[in-house]
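Have a look at the structure below before the remarks.
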Amino acid sequence: KGVIENISVIGTGYLGATHAACMAELGYNVLGVDIDPEKIDSLSRGELPFHEPGLPELIRKHVDSGRLRFTTDLDEVGAWGDVHFIAVGTPQQAGGTGADMTFVNAATRSLARSISKDALIVGKSTVPVGTARRLAALVEEESAEGVRVTLAWNPEFLREGFAVEDTLRPDRLVVGTSDAADEAVLREVYSEALSRETPWISTDFETAELVKVAANAFLATKISFINAFAEVTEAVGGNITTLADAIGHDTRIGRKFLNAGVGFGGGCLPKDIRALQTRVGELGLDHTMRFLDEMDQINLRRREKVVTLAEQILDNELAGKRIAVLGVAFKPLSDDVRDSPGLDVAVRLFSSGADVAVYDPEGNRNAAKRFPRLGYVDSLTEAVTGADLVVLTTEWNEFKALTPGDLESLVAQKQFIDARNVLPAEEWEGAGWRFAQLGRFFHQA
Ligand code: UDX
């Protein structure tokens, strides 16, 4: 073991809680800091305010081992930590499209002021390019004389649902530093991953910041690319899944993130492409990322398409129709409903007067906080009972395993929209269902 012993993580949301637990798993003493005392209380008991497989167990393990603690006191960390990770949120600005930097700015400033021993501050949050350089200057200005406090940028690529795995076994590590000594500190922090020959990309601040947004912009583009072709196959016929499989065999393209459906959502992809466009606009480079606006539009059109299909199937009369919406988490294994396509579809159907029954294995609670007026039910069976139409919007295993026989005796009408293209259409049609998918020509009965 080297000289790094104490690691603090500022911000204990999704990213921070995961990072803190994983750093403890790697053997460090970790202090998680948050301004929200309730969050700190529940984390200290090993309880998470969100759903993430494996994370509660890992937190409890290290709260018990004594390596992981949580506090609201920033001054405590300032006197203690060798390395401080900043993992606070950068949500979309209220009433704007840029990233809200309030939390990052405030956390960095207070942290820099509270630090009383040599330390490295490492930014993990997804930020507009140029932030790290600005914060490095802020840190220099705010930190006490006689202590060496520097800043590095180390973007995080974790996926919800696989957060622990992605953090402990990342497919690459990217660090932006302005000083070789800072890079050496991070090499030590991540020595366990480096011993497995995880690719290590050491670069400047700007590249490190941009790697993160470029990766998310590329993923969003892949999804919208295939969804644009889905609009074509909807018009002309053809099979979007076969198309994706076929182009995906070209290893230069790859099959991943080419699943056509109701599109991307969540706390990252949508806000990150908007923030990127906003940022390049500020730099006078509006035109460079204009295609991302198109990707955003394609993505949002998929949600409208589901509503249009529902209208087609229900003879243009949604009012009073019972519609089961299966899935309001933005993706399976998550309870996150931020910018969720499924929840958006449910709200649109509800606004058109439909009697919506929402069921999600994990997402109902968060959805109900945002849209309390939708009808939430506790089981798949309850959702589909008496339904005039069933709409699958999140591909949970429980929904992927559905067969026509499971629903036949429960629904009022055998009508189904598979908005994630995960069920075998022919089988459902063969069993007498009006069955629609995205990217598939839909025969009007
Ligand atoms: C994403 C990035 O993958 C991750 O690297 C980054 O750190 C944060 O943003 P996440 O938001 O957890 O992670 O979700 P992801 O698994 O990427 O899915 C994003 C959305 O795209 C989901 O709504 C998903 O349903 C949708 N999606 C994904 C598709 O519609 N089609 C696909 O082929 C893949």
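Listing for the model above:
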quantity: Strands (runs of 3 or more DSSP E) enclosed by the range 327-445 - at least 2 residues per element that are within 16 Å of the ligand (Cβ to nearest atom) and farther than 25 Å from GLU52 by Cβ; calculated: 415-418
quantity: Test: THR233 is surrounded by fewer than 15 Cβ atoms within 10 Å (Cβ to Cβ) and either polar (S, T, N, Q) or closer than 19 Å to VAL345 by Cα (or both); calculated: no
quantity: Selected residue [within 11 Å of the ligand (Cβ to nearest atom), crowded, with 20+ Cβ neighbours inside 10 Å, not assigned by TED's automatic domain parsing to the domain that holds ARG172 and not aliphatic (A, V, I, L, M)] from GLY261, GLY248; calculated: GLY261
quantity: Residues of the range 396-410 that turn out to be surrounded by fewer than 21 Cβ atoms within 10 Å (Cβ to Cβ) and under 25 Å from GLU362 (Cβ atoms), as a count; calculated: 8
quantity: Identity of the residue in the range 302-326, within 16 Å of the ligand (Cβ to nearest atom) and touching an Asp or Glu at 6+ places or on another chain (Cβ under 8 Å), that ends up nearest to PHE441 (Cα to Cα); calculated: LYS305
quantity: Candidate set from the range 199-219 (those that are in contact with a helix residue (DSSP H, G or I) (Cβ under 9 Å, 6 or more places away or on another chain) and farther than 26 Å from PHE291 by Cβ); member that is nearest to the ligand (Cβ to nearest atom); calculated: TRP200
quantity: Residue ID - farthest from the chain's Cα centre (by Cα), chosen from residues in the range 264-296 that are within 16 Å of the ligand (Cβ to nearest atom) and in a loop (DSSP other than H, G, I, E, B); calculated: PHE264
quantity: Test: residue in the range 171-187 that is surrounded by fewer than 17 Cβ atoms within 10 Å (Cβ to Cβ), within 15 Å of the ligand (Cβ to nearest atom), not assigned by TED's automatic domain parsing to the domain that holds PRO424 and not small (Gly, Ala, Ser); calculated: yes
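The values are calculated or read from the model by the stated rules, or taken from the named source; none is laboratory data. As the structure is a computational prediction, the values presented were derived from the model and not from experiment. Counting neighbours? That spans all protein chains shown, and the Cβs are built from the backbone with ideal geometry, glycine included.
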